[in-house]
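For reference, the structure discussed in these notes is given below.
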Amino acid sequence: MPGLITTVISCEQRTVARGLTVPQLVRAGLTPIVILSPCLPAGAEGNAAATREVLKLARDAGGDLLFCEDDIDLAKDFPAALALARTVTNRVVYLYAHDAASRMHRVYGVPLAQRIRNAQPIPTGLYPAFADVMGGQCVYLPRAVVRRTPDPHRLPCDQLFAAVARDAGALIRLPHAAQHRADRTARPPADNAGRTSRSYDLPRMEG
C-alpha cells in the first residue's frame, strides 16, 4: 500500500482552529503537514493555491492523500473509517459532507436521508453518492485519483473534488467520521445552516 500524505490547509490567522484540529490528527496516528495561506482576504483563490500545493506534495510523494481543512473534530472511530477508506483505490471518499436539508435526499437517496434526518441509527460503512457532495473538510483521495486530479486554478477544494468525483465516483463514510466546527475566523460571517454533519453523533452499527 502506498504511503499516506495528510495535509491541513489553513489561514495564517486561524491559529486557534488548527490548534484544535492538528492534535486530533496526531492522536489518530497521522503526521499532518500544515499549508498556510495569508488569506487577505480568505476566499476561493487562496484556497485553490493551497490545494495546488497539497496535490503537488501528494504527487511528488506518490502517495494517497488525506485532505483536511483546519476546523474539524474526529470521531472516536476515525482511524477505522480511514482504514476502510484506504481499501478504495479509484474513487473519492468523503469522511465528512455538508448535510444541507435541501440536498440530503439527492446525495444519499431518500430512505437513508430520512433515517439520518430522524436521528435513526444506520449501518456504518461507505455509501455511494448519488449527486455532488459538498464539503472539502475531510476527503481521502487514493493515489490513482490524486494523479488524475487537475490543478484547481481558481476552483476551491470542495468544487474541485466534486468535479473529480463526477468522473471517478464518490463514496461517503456514514455516519461521518469527522464533524465541521464551521469556524469563521478570517472569513466573512455566514449562515452555517447545512454546513455540519447530521450523522456524526449517531450510534455506530455493524454494516
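Conditions (1) surrounded by fewer than 16 Cβ atoms within 10 Å (Cβ to Cβ); (2) over 19 Å from TYR96 (Cα atoms); (3) touching a residue at least 60 places away in the same chain (Cβ under 8 Å); (4) hydroxyl-bearing (Ser, Thr, Tyr), marked per residue:
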| position | (1), (2), (3), (4) |
| --- | --- |
| THR7 | no, no, yes, yes |
| PRO23 | yes, no, no, no |
| ALA58 | no, yes, yes, no |
| GLY62 | yes, yes, yes, no |
Any idea which of GLU53, GLU69 is closer than 18 Å to ASP158 by Cβ, charged (D, E, K, R), in contact with a strand residue (DSSP E or B) (Cβ under 7 Å, 6 or more places away or on another chain) and surrounded by fewer than 21 Cβ atoms within 10 Å (Cβ to Cβ)?
-> GLU53
Exclusive hit being modelled with pLDDT of 95 or more and surrounded by 15 or more Cβ atoms within 10 Å (Cβ to Cβ), set ALA100, ALA81 = ALA81
Across segment 134-158, what is the number of residues that are touching a residue at least 40 places away in the same chain (Cβ under 8 Å) and closer than 27 Å to ASP183 by Cα?
-> 14
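The values are calculated or read from the model by the stated rules, or taken from the named source; none is laboratory data. For clarity, every value in this text was computed on a predicted model and none was experimentally measured. Every residue, glycine as well, gets a Cβ built from its backbone with ideal geometry; the counts of neighbours run over all protein chains shown.
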